[in-house]
Structures are given as C-alpha cells and as structure tokens.
Amino acid sequence: MKIGKTIYHVKSCSSTNDIAKELILHGAEEGTVVISEAQEKGRGTKGRQWLSIPRKGIYLSVILRPQKTDVSILPLLAGVAVIDSILESTGIRVYLKWPNDIVWDGKKLGGILSESCFAGKHLHYFILGIGLNVSHLKKDFPEEIRDFATSLRLISRKSMKKDALLEKILHTLNLWYDIFLESHARKIIRAVENCSPFSSGDIIEVETSRGQETGVYQGIDSHGRLILEIQGEKRSFLATEILSPIQKKGE
Ligand code: BTN
C-alpha cells in the first residue's frame, strides 16, 4: 500500500496541490497524500477555480514518482478509481468524461487536476489533485454553475459518509496504480472506456486551440489520447489540446 501510507490532514489551505508541491521540496515520499477540509484557492483545469466549501467535498492530492515517463494515463486512472469507489460505496454509476470530468446526467460532480514536473526526460514528480462534490445542496453552488454542477448528496438524496468514501478512493487508487506500475495500460484504457458516457459511433465535439472539431468517437488510445474519426481519418487528441470538454452532439 503505497498511496496513503503518509497522509497529511489539514483544515484549510490554498490548494492541496500547492501543499503537495511544498512537501515534495521537503522530500515527501511517493504516495504521500494531502487532504483538506477546505481550499481557499482551489484550482480546476483551464485556469478555473474549484469551489471548495468547508467539509462539503473531498479535496485531495497524491504525490507520485513512478519510474516511467509515459504518465499521461495517470489522470484517467484516477478518474476510474474515483468512479469505481463511488459505485462500490453508494451504488451510484457516474461517468468519466474525457479527459478529467466526473459527471452524472451531464452535470459535473468532480474532476482531476494533475500537475507534473520533468527534468529532461526524468519525471521529478506527478501530482494527482482530486476534487469531488459530496454533500453540497443546490444552494451551496453559486447561481452561475447551479444548473451544471451536482453532488453525491443531490444525486442520492441521502447524506454521505465522506470519510468512508475517502478511504475507499485511496484503496482503489492503490489497486489501479499497481496495475499501471505493472504496465497493464490496456486494462486501464478498457476501464476508462467503460467509464465513458460515450459509445463508439457517437458524434463528439471538441474545442481545441485550432478551433472546433467534430468527429465520430472511437475510444481512447494507449497513451490516453481521445480518438475521433474525422472525414474518414482517425485523429488522436491530447488532453492538453482541448480547451473545453467534449460534448455529445445534440446535448
Ligand atoms: C477540474 O477542473 O475538473 C479539476 C478539479 C480538481 C480539483 C481538485 S481539489 C484538490 C486539488 N487541489 C486543487 O486546487 N485542485 C484539485
């Protein structure tokens, strides 16, 4: 059990990813976890904020230092671990909308923010930041995101045992991380595809730095890239190329 051997619990912080970076500077070992009850400057992807109301959500970061350079599937792996944990703990089936959105019924439930540092080809560290809306009520979300965000409490209409879910997430993350270290990328990709809200053949729209692209969803490749068929040609997209999350045409 690597992940969670050392856990730092804090009441509040700017961002658990920032604490993880500080811990790395002080030599924190692989698998060290930071959990905060709240974040003052929680970060989402694409420079967005991550709403981090005290005790309502799970806000955690994991420090990883695998002896591998192809780490691009790690955020997807984290998504699968969170989704498996939610299913096992609550019976609720949620989905991983590539590359980092945890969704239910088209609404955002959580997300993954990964930050890495390489020295040349050598991976110095990889931080997996996981945010999950657990006990939020509708009024807890600011009006502008109220119709697009959800929480496990809103989905299940029951109060949630956050600590038990946290424990489950760390346990499941360990299982999937071992699969990654044993180089079973295909198994991870299969799981990612099984967690996808899309099926092969769906028409998908992505917003990239070169503009909007529409194509037929063909799955995820072994590097975690999205594969779309566009005008009869297979194209793969890196998560970093995508400006806004994928949308199913007509959604
Ligand atoms: C997203 O935009 O979908 C990613 C959200 C990631 C939020 C988590 S909460 C813990 C960690 N610390 C942060 O500041 N962000 C991530």
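The values are calculated or read from the model by the stated rules, or taken from the named source; none is laboratory data. None of the values given here were measured: they were computed from a predicted structure. So basically every Cβ, Gly included, is an ideal-geometry build from the backbone, and we count neighbours across all protein chains shown. What goes into the accessible areas is simple: the full protein's heavy atoms, side chains included, and nothing from ligands, DNA or RNA. Shrake-Rupley method; radii C 1.70, N 1.55, O 1.52, S 1.80 Å.
Annotations
- Restricting attention to segment 40-57 and to residues that are near the ligand (Cβ under 8 Å from one of its atoms) and either open to solvent by less than 50 Å² (accessible area, probe 1.4 Å) or assigned to a loop (DSSP other than H, G, I, E, B) (or both), the residue that is farthest from L166 (Cα to Cα) turns out to be R48.
- Conditions (1) open to solvent by 70 Å² or more (accessible area, probe 1.4 Å); (2) touching a strand residue (DSSP E or B) at 6+ places or on another chain (Cβ under 8 Å): number failed by F237: (1)
- The sole residue among S72, S85 that is touching a residue at least 60 places away in the same chain (Cβ under 8 Å), under 15 Å from the mean Cα position of the chain (by Cα) and open to solvent by 10 Å² or more (accessible area, probe 1.4 Å) is S72.
Residue by residue, here is whether (1) open to solvent by less than 70 Å² (accessible area, probe 1.4 Å); (2) in the same structural domain as R235 (by TED's automatic domain parsing); (3) modelled with pLDDT under 95 holds:
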| site | (1), (2), (3) |
| --- | --- |
| I169 | yes, no, no |
| T172 | yes, no, no |
| Y177 | yes, no, no |
| H184 | no, no, yes |
| I188 | yes, no, no |
| S209 | no, yes, yes |
| T214 | yes, yes, yes |
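- Some residue of segment 66-74 being more than 14 Å from the ligand (Cβ to nearest atom), aliphatic (A, V, I, L, M), over 30 Å from F141 (Cβ atoms) and in a helix (DSSP H, G or I): no
- Qualifying residue in segment 23-38 (condition: assigned by TED's automatic domain parsing to the domain that holds H122, open to solvent by 20 Å² or more (accessible area, probe 1.4 Å), within 11 Å of the ligand (Cβ to nearest atom) and out of contact with any Pro (no Cβ under 6 Å at 6 or more places or on another chain)): no
- Segment 158-167: number of residues that are modelled with pLDDT under 95 and open to solvent by 70 Å² or more (accessible area, probe 1.4 Å): 3
- Total residues in segment 107-146, condition part of a helix (DSSP H, G or I) and either β-branched (V, I, T) or surrounded by 15 or more Cβ atoms within 10 Å (Cβ to Cβ) (or both): 2
Results for (1) of a type in the set (G, A, S); (2) in the same structural domain as T16 (by TED's automatic domain parsing); (3) farther than 16 Å from T172 by Cα, shown as yes or no for each residue.
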| position | (1), (2), (3) |
| --- | --- |
| V71 | no, yes, yes |
| L76 | no, yes, no |
| G129 | yes, yes, no |
| K138 | no, yes, yes |
| F141 | no, yes, yes |
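- Residue within segment 85-96 that is outside any helix (DSSP H, G or I), closer than 17 Å to L132 by Cβ, in contact with a strand residue (DSSP E or B) (Cβ under 8 Å, 6 or more places away or on another chain) and within 10 Å of the ligand (Cβ to nearest atom) present: no
- Flag for L228 being more than 20 Å from the chain's Cα centre (by Cα) and among the aliphatic types (A, V, I, L, M): yes
- Looking across E205, E229, one residue alone is open to solvent by 30 Å² or more (accessible area, probe 1.4 Å), in a strand (DSSP E or B) and closer than 19 Å to I189 by Cβ. It is E229.
- Only one of the numbered conditions (1) open to solvent by less than 30 Å² (accessible area, probe 1.4 Å); (2) more than 7 Å from the ligand (Cβ to nearest atom); (3) assigned to a strand (DSSP E or B) is violated by V10, and that is (1).
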